[in-house]
Amino acid sequence: MPALSAHDTNSSTFLLTGFPGLEQEYPWLSIPFFCIYAMVLSGNCLVLHVIRTEQSLHQPMFYLLAMLALTDLSMELSTVHTVLGSLWGLRQEVSLNACIAQTYFIHGLSLTESGVLLTMAFDRFTAICNPLRYTSILTNAMVIKIGLGILGRSFIFIIAPITRLKFFHYCRPHVLSHSFCLHQDLLRLACSDTRFNSFYALALMICTLWLDSVLILVSYILILRSVLAIASGEERLKPLQTCVSHISAVLVFYIPIIGLSMVHRFGKHLSPVIHVLMGNTYIIFPPLMNPIIYSVKTPQIRDRIKRWFSM
């Protein structure tokens with residue numbers, strides 16, 4: 001790749017790799033990627049529109065779903081321009097400041113989605129295990145406070161490591177391994193002392209993503225225990241059915257993150273294409289699947305969409 005040798009290590013721009021070895025296929029690859037992004041945008045906008053226009057959906061459970069859709073939309077808007085730009089050959093370089101900004105939003109939005117999924121688990125736990133107090137616990141004011149807390153946790157705690165990226169000396173060729181910027185990708189190119197960033201990122205992941213996943217698991221253990229105490233098998237099934245969409249969204253979010261983390265830490269011998277595919281799955285898959293999951297599994301949203309298309 002000529003750009004590698006031409007790329008000055010003292011430059012303030014970085015080269016987006018795209019899909020190594022598949023450059024000849026970029027025009028064809030851009031078609032499914034464009035269709036996927038169009039589906040992500042239209043699907044999440046549809047969910048938001050249904051929740052906004054349907055008065056019966058103006059309740060905490062659906063406000064949280066709206067937060068999830070907004071997070072997914074923001075994730076796509078933060079990455080679509082560089083991914084499609086690489087595939088269309090329009091934009092293969094990104095400045096350091098733009099790269100740091102994209103890194104900030106990608107990781108901040110990932111933490112936001114994890115926090116929203118945890119809050120949705122708390123919503124299901126309260127609705128099933130403490131239904132008489134549900135309306136008094138999860139009020140609209142409480143949902144707003146939780147939402148602000150999630151945003152604060154997601155975007156304030158990552159300022160320190162992201163800001164340090166600006167002051168690193170990048171002495172290695174400025175070639176990123178994805179079509180977008182990630183924290184660990186920039187660390188790989190830095191010749192400065194990156195121990196703070198590495199330890200901070202690990203600690204932050206443990207205190208957010210890992211802790212969120214453990215709390216979600218605990219909430220479902222308590223839900224299952226409460227449901228098993230119900231005598232009738234049919235009555236046991238009803239509350240569990242309300243959790244199916246959320247469980248699916250949790251799996252869709254955490255499985256790609258685990259896969260990407262494993263590939264980055266233990267898959268250095270793997271083909272670069274595997275790294276790129278895992279990175280794109282981490283970015284694209286949850287925003288693509290969440291609207292489908294909730295449109296199919298949530299009767300209120302499904303029925304509203306059916307009424308629109310049957311007009």
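Quick one: count up the residues across region 107-148 that are in a helix (DSSP H, G or I), free of Cβ contacts under 8 Å to residues at least 12 places away in the same chain and of a type outside the set (Ser, Thr, Tyr).
Adding up the residues that qualify gives 8.
Just to check your reading of the model, which residue among 221, 255, 274 is out of contact with any helix residue (DSSP H, G or I) (no Cβ under 8 Å at 6 or more places or on another chain), over 30 Å from residue 49 (Cβ atoms) and in a helix (DSSP H, G or I)?
221
With respect to residue 195, is the statement that it is surrounded by fewer than 19 Cβ atoms within 10 Å (Cβ to Cβ) and closer than 26 Å to residue 277 by Cα true?
The answer is no for residue 195.
Can you tell me which residue within region 111-142, out of those that are modelled with pLDDT of 95 or more and hydroxyl-bearing (Ser, Thr, Tyr), is nearest to residue 249 (Cα to Cα)?
Checking each candidate, the answer is 114.
With 55, 59 as the choices, which residue is among the polar types (S, T, N, Q), surrounded by 13 or more Cβ atoms within 10 Å (Cβ to Cβ), modelled with pLDDT under 95 and under 29 Å from residue 303 (Cα atoms)?
After ruling out the rest, the residue left standing is 59.
Going through region 97-112 one residue at a time, which ones are out of contact with any strand residue (DSSP E or B) (no Cβ under 7 Å at 6 or more places or on another chain) and closer than 24 Å to residue 173 by Cβ?
Correct list: 97, 98, 100, 101, 102, 103, 104, 106, 107.
Could you check residue 227 against (1) among the aliphatic types (A, V, I, L, M); (2) surrounded by 15 or more Cβ atoms within 10 Å (Cβ to Cβ); (3) within 24 Å of the chain's Cα centre (by Cα) and say which number it fails?
Of everything listed in (1) among the aliphatic types (A, V, I, L, M); (2) surrounded by 15 or more Cβ atoms within 10 Å (Cβ to Cβ); (3) within 24 Å of the chain's Cα centre (by Cα), residue 227 misses just condition (3).
Looking at (1) touching a residue at least 60 places away in the same chain (Cβ under 8 Å); (2) part of a helix (DSSP H, G or I); (3) not aliphatic (A, V, I, L, M), which is the one condition that is false for residue 173?
For residue 173, the failing item is (2).
Tell me, please, whether a residue that is under 16 Å from the mean Cα position of the chain (by Cα) and part of a helix (DSSP H, G or I) can be found in region 183-199.
Scanning region 183-199, I find at least one residue that is under 16 Å from the mean Cα position of the chain (by Cα) and part of a helix (DSSP H, G or I), so the answer is yes.
Restricting to region 86-106, what's the tally of residues that are in a helix (DSSP H, G or I) and either surrounded by 18 or more Cβ atoms within 10 Å (Cβ to Cβ) or acidic (Asp, Glu) (or both)?
The number of residues fulfilling the criteria is 10.
Take residue 71 and decide whether it is surrounded by 19 or more Cβ atoms within 10 Å (Cβ to Cβ), polar (S, T, N, Q) and closer than 28 Å to residue 219 by Cβ.
So residue 71 fits the description; yes.
Report, by residue number, each residue of region 158-176 that is over 12 Å from residue 15 (Cβ atoms), among the hydrophobic types (A, V, I, L, M, F, W, C) and buried (at least 17 other Cβ atoms within 10 Å of the Cβ).
158, 162, 165, 168
Based on this model, can you work out whether residue 179 counts as touching a strand residue (DSSP E or B) at 6+ places or on another chain (Cβ under 8 Å), within 25 Å of residue 275 (Cβ to Cβ) and crowded, with 21+ Cβ neighbours inside 10 Å?
Yes: the conditions hold for residue 179.
Can you name every residue in region 255-275 that is touching a residue at least 40 places away in the same chain (Cβ under 8 Å) and surrounded by 19 or more Cβ atoms within 10 Å (Cβ to Cβ)?
Passing the criteria: 257, 275.
Looking at this structure, is residue 206 aliphatic (A, V, I, L, M) and part of a loop (DSSP other than H, G, I, E, B)?
In short, no.
Can you find a residue that is surrounded by fewer than 19 Cβ atoms within 10 Å (Cβ to Cβ), out of contact with any strand residue (DSSP E or B) (no Cβ under 7 Å at 6 or more places or on another chain) and of a type in the set (A, V, I, L, M) anywhere in region 11-24?
Yes; the residues of region 11-24 include at least one that is surrounded by fewer than 19 Cβ atoms within 10 Å (Cβ to Cβ), out of contact with any strand residue (DSSP E or B) (no Cβ under 7 Å at 6 or more places or on another chain) and of a type in the set (A, V, I, L, M).
Residue 78: in contact with a helix residue (DSSP H, G or I) (Cβ under 6 Å, 6 or more places away or on another chain), crowded, with 20+ Cβ neighbours inside 10 Å, touching a residue at least 12 places away in the same chain (Cβ under 8 Å) and not β-branched (Val, Ile, Thr), yes or no?
Spelling it out, residue 78 is indeed in contact with a helix residue (DSSP H, G or I) (Cβ under 6 Å, 6 or more places away or on another chain), crowded, with 20+ Cβ neighbours inside 10 Å, touching a residue at least 12 places away in the same chain (Cβ under 8 Å) and not β-branched (Val, Ile, Thr).
The values are calculated or read from the model by the stated rules, or taken from the named source; none is laboratory data. A quick note: this is a predicted structure, and the numbers were derived from the prediction, not measured. Counting neighbours? That spans all protein chains shown, and the Cβs are built from the backbone with ideal geometry, glycine included.
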